[in-house]
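The values are calculated or read from the model by the stated rules, or taken from the named source; none is laboratory data. Everything numeric here is computed off the predicted structure, so don't read it as measured data. Because the Cβ atoms are built from the backbone with ideal geometry, glycine has one as well, and the counts that use them run over all protein chains shown.
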Amino acid sequence: MRLIGIDENGYGPVLGPLVVTSTSLKLKGKNFTPVPNFWQLLEIKKDPSSNSEGLLVCDSKLVFNTSRKKEQAAEETILAFFYLYFSFLPETADQFLKALLNHSHSVLRKDTPGLSITTYNRLCFCWKKKLSLDLNRERRKHILKNAEKLRNKAKQKGVTLEKPRCLLLCPSLFNDGLKNRNKSELVLEAGLSLIKSHSGPEPFLAGLGKVGGLQYYRKQISARFGPKFTVTPTREEKNNSAYELKKSGKTAGKITYLQDGEENSFLIALSSFFGKYTRDLFWKKTRAYLEELLPSPPPHLPPHLHPLPHGERKHASGYRDHITRQFIGETEELRKKLNVPDDCFLRRK
């Protein structure tokens, strides 16, 4: 049986992509009843405030945009897993994005309204800015050391780690997707598409974070998997909605939507890590490309938003804050000169 965890990142921003990510694994000789505690099984810490060495996996919101030390710990964990998946350490954002995104092109079907495979295949290179990951020799050595420990522990416990899959909806694809659905439906479809892309002869057990406060998901699951599958609710509660899928009378898989999924599922938390890092790299490419073409200091900025003494500007997060709003206004004329459509930069909702 395959175990799958899925999470979304970038649900609320006005700039940058929406990312939906899946991670999966197989466990030799187990049927995942009950689901093992993979934090304990793989000896990975869950508490970001812990001073202990080693890999960290938790809700990405507890780590990113909190402290540089925690962000580096998260990055080193992501890249240790990445090394085991892809057998190399990326040096640039494009190397990371290309490896991670190339494995989900087939997920976006040609008959999915608003989601174009042709557009998707090239989207992570829209912003022609080479962004280094700045991994010095010591950090690379540390990442490889942790990756080897993880490889040995996974082998010892009979765990087979599978390559992650990631759907990145840039503002253009995001806006197209909202033409005939709302944001929650877009996230639901992406998550279910990722689950379906994992389909194989063996049953699966998939966990996802709850979307938009919804409690009932049978209609969406049936629509995505089609008439060959029978979908039966086994639980529909505020914190947990679970469904069994059968095909030709045999169990094909189980899907569970969890409140606070990153806290309760190792794979949802790991997907949260990969998704957040992917979103941040894509947004940094976008932001850095435009920043380099802007005058410095930027015109029309009040003193408290001027670049810092050593020449660095206060970077826009992409979320709904005053620095982001200023960045949108500051880049308006530049984007027109570059022929960047508003729909490629601004999200509608």
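Brief remarks on what is shown
- When region 279-288 is filtered for residues that are among the basic types (Lys, Arg) and out of contact with any strand residue (DSSP E or B) (no Cβ under 6 Å at 6 or more places or on another chain), the ones remaining, listed by number, are Lys284, Lys285, Arg287.
- Filtered by the rule that a residue be more than 17 Å from the chain's Cα centre (by Cα) and either more than 25 Å from Val340 (Cα to Cα) or among the polar types (S, T, N, Q) (or both), region 162-184 gives Ser172, Asn175, Asn180, Asn182.
- Sole exception among (1) among the aromatic types (Phe, Trp, Tyr); (2) touching a Leu at 6+ places or on another chain (Cβ under 6 Å); (3) at pLDDT 55 or above for Trp127, by number: (2)
- Scanning region 61-100 for residues that are of a type in the set (Ser, Thr, Tyr), surrounded by 14 or more Cβ atoms within 10 Å (Cβ to Cβ) and over 25 Å from Asp260 (Cα atoms) yields Tyr83, Tyr85, Thr92.
- Identity of the residue in region 196-226, aliphatic (A, V, I, L, M), without any contact (Cβ under 8 Å) to a residue 60 or more places away in the chain and under 18 Å from Glu8 (Cβ atoms), that ends up surrounded by the fewest Cβ atoms within 10 Å (Cβ to Cβ): Leu214
- The test for being out of contact with any Leu (no Cβ under 8 Å at 6 or more places or on another chain) and within 28 Å of Lys285 (Cβ to Cβ) does not hold for Ser222.
- Among residues of region 228-251 that are outside the structural domain of Ser265 (by TED's automatic domain parsing), none has a Cβ under 8 angstrom from a residue that is assigned to a strand (DSSP E or B) and of a type outside the set (Lys, Arg) at a sequence gap of 6+ or on a separate chain.
- Residue in region 50-64 that is nearest to Ala269 (Cα to Cα), counting only those that are without any contact (Cβ under 8 Å) to a residue 24 or more places away in the chain and more than 16 Å from the chain's Cα centre (by Cα): Leu56
- A single member of Gly261, Gly253 is over 17 Å from Ile44 (Cα atoms) and in contact with a helix residue (DSSP H, G or I) (Cβ under 6 Å, 6 or more places away or on another chain), and it is Gly261.
- Boolean, Asn121 is in contact with a His (Cβ under 7 Å, 6 or more places away or on another chain) and at pLDDT below 90: yes
- Criterion: in a strand (DSSP E or B), at pLDDT below 95 and of a type in the set (S, T, N, Q) - qualifying residue of Thr256, Thr251, Thr232, Thr286: Thr251
- Scanning region 42-65 for residues that are among the β-branched types (Val, Ile, Thr) and modelled with pLDDT of 95 or more yields Ile44, Val57.
- Per-region count, region 289-309, residues at pLDDT 90 or above and either crowded, with 17+ Cβ neighbours inside 10 Å or within 25 Å of Gly10 (Cα to Cα) (or both): 4
- Boolean, Gly191 is within 30 Å of Thr286 (Cα to Cα) and either in contact (Cβ under 8 Å) with a residue 12 or more places away in the chain or crowded, with 19+ Cβ neighbours inside 10 Å (or both): yes
- No other residue among Leu101, Leu115 is in a loop (DSSP other than H, G, I, E, B), modelled with pLDDT under 95 and either assigned by TED's automatic domain parsing to the domain that holds Tyr11 or closer than 20 Å to Gln40 by Cα (or both) apart from Leu115.
Listed here are the residues, each with its yes/no results for (1) of a type outside the set (Gly, Ala, Ser); (2) part of a helix (DSSP H, G or I); (3) assigned by TED's automatic domain parsing to the domain that holds Ile6.
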{"site": "Leu161", "(1), (2), (3)": "yes, no, yes"}
{"site": "Arg165", "(1), (2), (3)": "yes, no, yes"}
{"site": "Leu168", "(1), (2), (3)": "yes, no, yes"}
{"site": "Ser172", "(1), (2), (3)": "no, yes, yes"}
{"site": "Asp176", "(1), (2), (3)": "yes, yes, yes"}
{"site": "Asn180", "(1), (2), (3)": "yes, no, yes"}
{"site": "Ser184", "(1), (2), (3)": "no, yes, yes"}
{"site": "Glu189", "(1), (2), (3)": "yes, yes, yes"}
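- Annotation: of all residues in region 237-278 being surrounded by fewer than 16 Cβ atoms within 10 Å (Cβ to Cβ) and out of contact with any strand residue (DSSP E or B) (no Cβ under 8 Å at 6 or more places or on another chain), the one that is nearest to Val63 (Cα to Cα) is Glu263.
- Number of the condition not met by Glu312 [criteria: (1) modelled with pLDDT of 90 or more; (2) under 19 Å from Lys130 (Cβ atoms)]: (1)
- Residue within region 66-86 that is at pLDDT below 95, under 25 Å from Val211 (Cα atoms) and more than 17 Å from the chain's Cα centre (by Cα) present: yes
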